[in-house]
1. Quick one: work out the % antiparallel among DSSP beta bridges in the range C:3-241, nearest 5.
2. Put a point 7 Å out from Cα along the line to Cβ at A:A235; what are the distances to that point in the other copies, in nm, shortest first?
3. What number, in nm² with one decimal, is the all-direction average of the projected area of the convex hull of the alpha-carbon atoms of the range B:80-153?
4. Per DSSP helix of 4 or more residues, -39500 (n - 2.57); summed, then divided by the residues of chain C. What does that give at 222 nm, rounded to the nearest 500?
5. Can you give the Kirkwood hydrodynamic radius of the protein assembly as shown from its Cα pairs, in Å with one decimal?
6. Near C:K105, which lysines are there with a Cα under 24 Å away, not counting those fewer than 8 places off in the same chain?
7. With no solvent and one point per C-alpha, what does the Debye sum give as log10 I(q)/I(0) for the range C:122-193 at q = 0.13, 0.21 Å⁻¹?
8. GNM on chain B, C-alpha springs below 10 Å: top fluctuator among B:G166, B:G158, B:G149?
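The values are calculated or read from the model by the stated rules, or taken from the named source; none is laboratory data. Predicted model only: the values in this text are computed from it and were never measured. Neighbour counts run over all protein chains shown; Cβ positions are idealised from the backbone, glycine included. Surface accessibility is based on the protein's heavy atoms, side chains included, excluding ligands, DNA and RNA. Shrake-Rupley method; radii C 1.70, N 1.55, O 1.52, S 1.80 Å.
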Amino acid sequence: MTDHDDRSRLARDAARVLARLRAERPRVHCLTNFVAMQLTANLLLAAGAVPSMTMDAREMPAFVETSRALLVNLGMLDPWREAAIPVAIEAAHGLGRPWVLDPVKVDRAPARRAFARRLLERAPAVLRCNAAEAEMLEPGPGIVTAVTGAADRISGGGRAIELAGGTMLMDRVTAMGCAASALVAACLAVEPDPFLATVSGLLVMKVAGAIAAESAAGPGSFVPLFLDAVHGLDAATLQRRAELA
Amino acid sequence: MTDHDDRSRLARDAARVLARLRAERPRVHCLTNFVAMQLTANLLLAAGAVPSMTMDAREMPAFVETSRALLVNLGMLDPWREAAIPVAIEAAHGLGRPWVLDPVKVDRAPARRAFARRLLERAPAVLRCNAAEAEMLEPGPGIVTAVTGAADRISGGGRAIELAGGTMLMDRVTAMGCAASALVAACLAVEPDPFLATVSGLLVMKVAGAIAAESAAGPGSFVPLFLDAVHGLDAATLQRRAELA
Amino acid sequence: MTDHDDRSRLARDAARVLARLRAERPRVHCLTNFVAMQLTANLLLAAGAVPSMTMDAREMPAFVETSRALLVNLGMLDPWREAAIPVAIEAAHGLGRPWVLDPVKVDRAPARRAFARRLLERAPAVLRCNAAEAEMLEPGPGIVTAVTGAADRISGGGRAIELAGGTMLMDRVTAMGCAASALVAACLAVEPDPFLATVSGLLVMKVAGAIAAESAAGPGSFVPLFLDAVHGLDAATLQRRAELA
C-alpha cells in the first residue's frame, strides 16, 4: 500500500466518523472557558453532537454519566472549574469515557502549567494545543497529540500525519482552537481509535474553514459561513478537499 | 365565536404585545447561564426590550427594582447564581414584578430538580421548558406552562393552545430555548395576562424562525437572519404566519 | 491652523494608530463581563490585536506582564473579578502599562459606583462610559474621558472633540460599548497619547459601524458585517468617513 492509499483511506474513514456523529448524536460534556462556550456549543450542534457545559463539581457525575466524551479546557481557569475537573475525569474513568485535554495558555501561566501536567497523568485520549503550549508539556506515548496551526500535526501510537488547508481567517476568530478540541471529543464519542477521531475532527475544521473562507468577506462573516459549512459537509467533499501529508 | 376567531384574536393580541414592547422598551433582568447570555441579550434588544444580567446577590435588589420582569434560568447552575436567585425572586415579589422560570436540564441533575421544585412554590408567572424537563415538575394550576419543541404547548388558567411552525434549524443553535424564555419575560413586562404574554413571546420565536429559515444556508447563517427577522417583524406578518391550533 | 486642519490631522493620526495596531499585534488583557467577552475578543482580533481574558487574581501578574494594555470593565461585577481587578491594576502600574476603566451601570448599582470611584484614583489612562454613568463619576483632569452615544464626546488634557456618524443599530447589539472600551485599550497599547488612542479606537467603531449599517438588514446581520468592516478598514476610508466636530 502506498502512502497515497493510506491518506485516502484515512480521509474516507474520517467521513465515516462524521456520518456516525450525525447518526448517533452523542452528548459531549464540555468543561470550557467562558469566551469559547457559545462557539463550542454551536459547532457541536452544527456537526451533529449535543453539548452540555455545566461546571459545578456537584453535578459532574450526573452529567458525565449521560455523556459519551469529555472535554477539559483550561482557558480562563477559575477555582470553580478547577474543582470540577478532577471530579469529571474521575467520573469519566469510572465509566470508560474518553476525554480530551486542551491546555490553553500553559505557556503563560505557571500554575496552570503544573495543573496541566498533573492532568496529563490522568490519561487523556487526546491532547490538543498549539506549538507554544506543546513545548511546555510532555505527553506520554499513549496520548494522541495534535499540535494545530497553519498545518496540524497529529501523532500517537506510532502514527503521524499533517493536515494542511484551512484559512488564516480562523486565527482572527476567538476560540476556534477551543472549539476544535470539543469537536475532537465529539468524534471520540463515536470512534474508539483516538488517532482517527482526532484526524476526523480536525479535518472537518480544515475543510469547513476553507469552504467558508471562499465566501467570507472577513472574520465576521466567516463564522456563520463556517458553521453552515460544517453542518452541510458531505463525505465526498470532505475526502476531495482533505489535504493530508 | 368560533375557534378560528379565537385564534385570530390571539394572534392580533400578540402583535399588540410586540408593539407595546417596542414602544415601552422595558428592562428585563435575566439571571441566565453563560452559554445563553449573548444570544439572550441580542434577542431582547432586537425585539425592543433592554437586558440586564448581573448575577451577584448584593446587586439583585437594585437591578430588579429598575426592571419590569425577571428571568430565572437554571442552566449551568453555579453557587453564585444559586445564591442570587432567591434574593431576586424576593425582590420581584415585593415589587410586584412577574418572573419566568426556565428549569434547564432538571431531567439530568437531581439537585437542580429539587431547587426548581422549591422555586415553583414561589409563584413564577410562567414555566418555560422542554418535554423531558416538564415531566420532572408539577407546576401549580396558577402557573402558565409552556412546553416547547417542534410544536409549543401553552396552557394555564383553563386555556390551552399549540403553536406550530418555526424550523428544525432552531435545534441546531445553542440557547434558543433559553432566549425564548427571556422573550416571554419581556412580554410579561408589558402584558399582565401571562397566557397572552407567553403566546406572544413564543409566536415571535416561531414566525421569525420560519422567516429566517427561508434564507438560511445552515445554523450559522440562521442566527443573524433570525435576529433581523425579530427586529423587522410587523404585525401583519406575525398574524398571517401564526400557526395556532 | 484651522479647526478643519486639526480634525484632518487627527483622522490621519488615527489611521496611523490603526496601522501600528495591525503591525505590532499587541496583546490586551481584558477583565470584562461574560456577555461582552466573545464580541470583545472578536473585535480585537478583527482590528489586529490579541485578547486575553483570564480573570483569576492568581494569574493577573503573569498575564498583565505579557500584555501591553489592560481593560477593566465592571459589567456583571462578581467577587472573583472584583478581587482580580486591584491585582491587575497594581501589576499594570508596576510595569507602566496603560489601562482603561469602563464603569458599566454604575448609575444603577451603588456598591459598584463606590468601587469605580476608588478605581478612578488609580489613574486609568481613559474612562469610557455612557452619559448616565459619567454623571455618577468625577474623573480627575489627567484622565481622558470618552462619553459615547449618538455622538461620542472625548475630552482630556485641554483637548475635546466630538465624533458623529455610526449607526443606531449599534444600540441594538449587546456589548458594543464594552467592546469599544477594549479597542481603546488596544490603541493605547501602541499609542502613548491617550487622547489620540481614544479617538482612534472610537473612530474605528463609528466608521466601521456606518459601513456595516449600509448593508445590514437588522442587528443580527450587522455584527458580522461590522467585524468584517473593522478587519478591512483602510486608512483612506477611515479619514474620508471620519465625522469629527
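1. Working: 8 of 25 bridges.
Looking only at bridges with both residues in the range C:3-241, the antiparallel portion is about 30 percent.
2. For A:A235, the other copies' label points sit at 5.4, 5.4 nm, shortest first.
3. 5.1
4. On the way: 10 runs with 130 residues, N = 245.
Calculated from helices alone, the mean residue ellipticity at 222 nm is -17000 deg cm²/dmol.
5. With all distinct Cα pairs of the protein assembly as shown included, I get 26.2 Å.
6. Those lysines meeting the cut-off are C:K206.
7. With one equal scatterer per Cα and no solvent, log10 I(q)/I(0) is -0.38, -1.02.
8. Taking springs between Cα atoms under 10 Å, the residue moving most is B:G158.
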